[in-house]
Amino acid sequence: MIGRVPAKRSNLALAGSALLVAVVMVACGPDYYEIPIETPIQAKLDVSPFQRVLVAGFVSGGSDDVDANQETVRLLRSQLRTKSQLRVIDADILPLIEVAQENARPAVNAEEPVVNGREGSAPNGNDHGTAQTVPLPQKIKDEKDLEPYERLFANTAYWKKIGEEYQNPLIVTGTVLFMPHSRSGFVQRDQEIYDAVGRRRVVPVRTYLERKGFILRPKFVFIDGRTGATMYSESYREEILYNAQQNTPALSSYFELMDRLVPNFLSALSSQKVKGTRVLLK
């Protein structure tokens, strides 16, 4: 009579078979494998002459729901503290709109004629002592209102004075326009449909939608605090739209758009590494 094979021996046999299969699979292996790589991106600016950076402030406008000047300064200072070798200067945010408007005012001419013991117009009615300047918009709503303020960044004397006050740092400034935006029209989206027997299909459908959101248009200007001269500047534009029924706070949209731009801003100051993978075939 043939007896039963002990359970212990059967377990050993199964374990041995599993081990043999694993060894064969490892030996054969897949036909490809992935390796991680890092691609360096060279910085756009040489910041080696600087130990400190001053995010001074921005000429901002657009939506009244977000103080784009204050929020942009706070965000960039926070990013630079963790992702830059430069020491970030904690200082009051400059009210650049007021500074630009003050600089645009006509200066009083010391040689203005005196009429009846006081300064005034010449007897023939000509205002020889009054400079004619175009006033800056008091409220910035769009790109057209923002354009005249660009002259402020060419004022080397002003920026050199700011640099001397903070020990000649790299100065970051510029403009930020964050404004509401809406768009309506036909958009294509995928829709699931089921036939009579329950089979699922995805078909493209054109639908008329009304959407609203925001546009963010920052311009970053990098100024040498030693000379007051502009070293580099770069402009960006980002847009986000939601369904008209969706109520998204303006501040949330602002940060969502800035998240897309911060890597580009940082790449101007320091070398960045883009991580990825490559597939190699055996």
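Please name which of Pro135, Thr248, Tyr194 has its Cα lying farthest along the dipole of region 135-261 towards the positive end, using unit charges on Cβ (Lys, Arg +1; Asp, Glu -1) and the Cα centre as origin.
The Cα lying farthest towards the positive end belongs to Tyr194.
Name the aspartates and glutamates eligible as straight-distance cross-link partners of Lys161: C-alpha to C-alpha under 14 Å, and not fewer than 8 places from it in the same chain.
Once the sequence-local aspartates and glutamates are set aside, what remains near Lys161 is Asp224.
No value in this document is a laboratory result; all are computed from the given coordinates. All of these numbers come straight from a predicted model, not from anything done at the bench. Here the Cβ is made from the backbone with ideal geometry for all residues, glycine too, and neighbour counts use every protein chain on show.
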